[in-house]
Amino acid sequence: MRYPPLNPRHSHLIHGADWNPDQWLERPDILDEDFALFPRAGLDHLSVGIFAWAAVQPAPDVWNFDWLDRIMDRLAAAGRFAILATPSAGKPAWLAQAHPEVQRVWEAGNRSEIGGRMNHCWTSPVFRERVAEVDHRLAERYSRHPALAMWHVSNEASGACYCELCRAEWHHWLQRKYGSLAELNRRWWTPFWSHAYSDWTQIDPKDHCLDGMWLDWRRFTSEHIAGFLGHEIAALRRHCPLVPVTSNFMGSVPDLDYWRFAPVLDVISNDAYPVYQPGEHLWIQASNDAFNFDLDRSLKGNRPWLCMESSPSTINWAGPAKLKRPGIHALEMLQNIAHGADGVCYFQWRQGRGGHEKYHGAVLGHDRDPSARVFREVQDVSTMLGKLDDVVGTPVPAEVGLIFDWESDWAIRSGSGIRERRPGLPWGQTAYQGACKDHYRGAWGNGLPVQMINGDGDPAPFTLLIAPAMYLLRPGMAERLAAWVRGGGILISTYLCGMVDEDNLVLEGGWPGQGLSEVFGVRYQEIDFLPDADRVPLAPVPANSLGWEVTVDATDVCCLLRSLGAETIASYGGEFYAGTPAITAHRYGAGTAYFIGAQLPAAELVDLYRRIADRHGLRRAIPGRLPLGVTAQVRSDGATEHVFLLNFTGIGQTIEVGPGCTNALGGPGPADGRMVLAAHGVAVLRRTTQP
């Protein structure tokens, strides 16, 4: 199987950059230099106009497309493509001054001042009308332009607005969902602290006392922002129904549900800014970013996606702006492709002379020197991508699924008494996301490609399904999982599984609820959340079915499990619950359900997943065991496979890849079925699809 290219007129992997010619209109020499250097860097797509609203509409009744006409014409003449943006993320100052109601109201009650970006109201009729007008004019003017490859709608759309207009929309949303206040009061448990409502307008989304409300407000916000994007897309479609539309996401950002965004878009795009620095923990960060990339691919059902933004060098907002070490850039870019991207783009092409991002990394620095190290590393990536035309459109054959549900994340964070964060997590990453990425890493470290599904998704396509911290159970999901395991599926879940229903109401009778205790063969009623420095040892049970022989220390969370017939793989070796099950396996019908009741160290969790994969005969990307910190990922059209070997360690590695592989990037291939990777090295192997 092969999907069409993201740009139907470009049958290669996209290599592009965010370009801001509107910042250089008084410097024609710079624009001439840009066009001279695009081909030397190997860039074929340029994102244009993302923050150019004031440049195309400098006053309410004044329009200026002359400069953009020239840019689009020159791109077409140079054989380059435009990913043309709608400029809604940065409204002009005249609009904010004339219509203060277009400015966002934050949770504290203050309205945004003029300036900044992505601080508009999602509901304001004035703002929606103005956005539709500029989008309409762009689409009418450029819909048939030969340079137009794709529409880029808004930029990193995010953030709730608490103004009266948005609150009114929220109240309408609640009325449509619940029908009556009696039903809302029942499902939100409003007798708590005397919160029962007698009028819809009494419901204030800033009141965090009711976790059912907290959950619904986030559902509404995601749907409302997705609806705003749909409003923009409708304006474009009037003149341009066939050009693909995308909008750039931000990984697994915790406050938006991208499953709700995906249906309105043709192509998923992501902004990826990993700070990859050599060290013993690089592989852990790399697997966290790989999780986001597989999520991007999964949002449209395993279709290729686009890395819209990345930095070829430093990241100005990421703490100390440490330089990207030699070789890391190629590793990072090929990682995107390995996980299903059909192109990589940079922010930014050229560093601007002023503004907040003037020191953010770029293909071309302030020295304007195409012989600089960063420019040359971008050229090297272009050369690599040019050798991988056969990868375009190919999906990732994933036998392993993973449930990633923003609603479980929100529900955990809303519940006082449930630890919502843990030490050492990157900015914006919650305890739920940490659990998902920990267990994803178990598959990633064993060369098991993963596809993700939402909390109400279908487990049928997978042999193994991972459901970390599946705290909130969607209607019917427990029954689907039980039937799937009974039919032969392999299910893994963890602490915090099956504790609340879709309304964030606790499930009674012990956890995991809704019959999942029978599937896993365990039940728990107590959870021990550990202080940061505490550890509880886990000891393997002799002769357990996985052959697991490692003693490890659990951190952060320990579920006190009671066996209902499950085999104990490992038990707690400390605290008052010493000797009780910590990791279990349970035969259920023709399948097996594993329950991991505690948070485990990264390396030991990779080992545990290796043993589960071996026991059940799951097919890995390569036959040999991967060294810790190396992954193997596969893309396939059904006849030919491309195997990406990525070394996130600081030492060279020899990988057993088996027979029949050739080096898709050129140069020496495997010798005697083994491939040598340099420190932080990458290889792409081509082979005939194996049964």
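Summary of values
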{"item": "Tally of residues being in a strand (DSSP E or B) and buried (at least 18 other Cβ atoms within 10 Å of the Cβ) across the range 561-589", "result": "14"}
{"item": "Every residue from the range 396-413 that is touching a Gly at 6+ places or on another chain (Cβ under 7 Å) and farther than 17 Å from W259 by Cβ", "result": "V396"}
{"item": "Pair list, Cβ < 8 Å and 6+ apart or interchain, from the range 331-360 residues that are without any contact (Cβ under 8 Å) to a residue 24 or more places away in the chain and farther than 18 Å from L646 by Cβ to residues that are assigned to a loop (DSSP other than H, G, I, E, B) and among the aromatic types (F, W, Y)", "result": "Q351/Y359"}
{"item": "Count of residues meeting criterion [surrounded by 18 or more Cβ atoms within 10 Å (Cβ to Cβ) and touching a helix residue (DSSP H, G or I) at 6+ places or on another chain (Cβ under 6 Å)] in the range 153-182", "result": "4"}
{"item": "Flag if R187 is surrounded by fewer than 21 Cβ atoms within 10 Å (Cβ to Cβ), part of a helix (DSSP H, G or I), touching a Gly at 6+ places or on another chain (Cβ under 9 Å) and not assigned by TED's automatic domain parsing to the domain that holds K91", "result": "yes"}
{"item": "Tally, over the range 380-408, of residues that are closer than 14 Å to R297 by Cβ and part of a strand (DSSP E or B)", "result": "3"}
{"item": "Test for K358: is it assigned to a loop (DSSP other than H, G, I, E, B), within 17 Å of P21 (Cα to Cα) and in the same structural domain as S47 (by TED's automatic domain parsing)", "result": "yes"}
{"item": "Odd one out for D367, checked against (1) in contact with a Gly (Cβ under 8 Å, 6 or more places away or on another chain); (2) free of Cβ contacts under 8 Å to residues at least 24 places away in the same chain", "result": "(1)"}
{"item": "Close pairs from the range 542-553: first free of Cβ contacts under 8 Å to residues at least 40 places away in the same chain and more than 13 Å from A582 (Cα to Cα), partner surrounded by fewer than 13 Cβ atoms within 10 Å (Cβ to Cβ) and of a type in the set (F, W, Y), Cβ under 9 Å, at least 6 apart", "result": "none"}
{"item": "Unique residue being farther than 30 Å from V381 by Cβ, of a type in the set (A, V, I, L, M) and surrounded by 16 or more Cβ atoms within 10 Å (Cβ to Cβ) when the list is V131, V48, V62, V126", "result": "V131"}
{"item": "Residues of the range 506-526 that turn out to be more than 28 Å from the chain's Cα centre (by Cα) and in a loop (DSSP other than H, G, I, E, B), as a count", "result": "8"}
{"item": "Every residue from the range 460-500 that is without any contact (Cβ under 8 Å) to a residue 60 or more places away in the chain and surrounded by fewer than 19 Cβ atoms within 10 Å (Cβ to Cβ)", "result": "A460, P475, G476, E479, R480, A483"}
{"item": "Helices (runs of 4 or more DSSP H) completely within the range 63-163 that count 1 or more residues being under 30 Å from A36 (Cα atoms) and in contact (Cβ under 8 Å) with a residue 24 or more places away in the chain", "result": "66-77, 125-142"}
{"item": "Yes/no for D367 being in a helix (DSSP H, G or I) and surrounded by fewer than 18 Cβ atoms within 10 Å (Cβ to Cβ)", "result": "no"}
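So that you can scan it fast, the table gives a plain yes or no per residue for (1) in a loop (DSSP other than H, G, I, E, B); (2) of a type outside the set (S, T, Y); (3) buried (at least 22 other Cβ atoms within 10 Å of the Cβ):
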residue: A632; (1), (2), (3): no, yes, yes
residue: H642; (1), (2), (3): no, yes, no
residue: P659; (1), (2), (3): yes, yes, no
residue: L665; (1), (2), (3): yes, yes, no
residue: P668; (1), (2), (3): yes, yes, no
residue: A683; (1), (2), (3): no, yes, yes
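The values are calculated or read from the model by the stated rules, or taken from the named source; none is laboratory data. Since this is a predicted model, take the numbers as computed values, not measurements. As a convention, Cβ positions derive from the backbone with ideal geometry for all residues, glycine included, and neighbour counts pool all protein chains shown.
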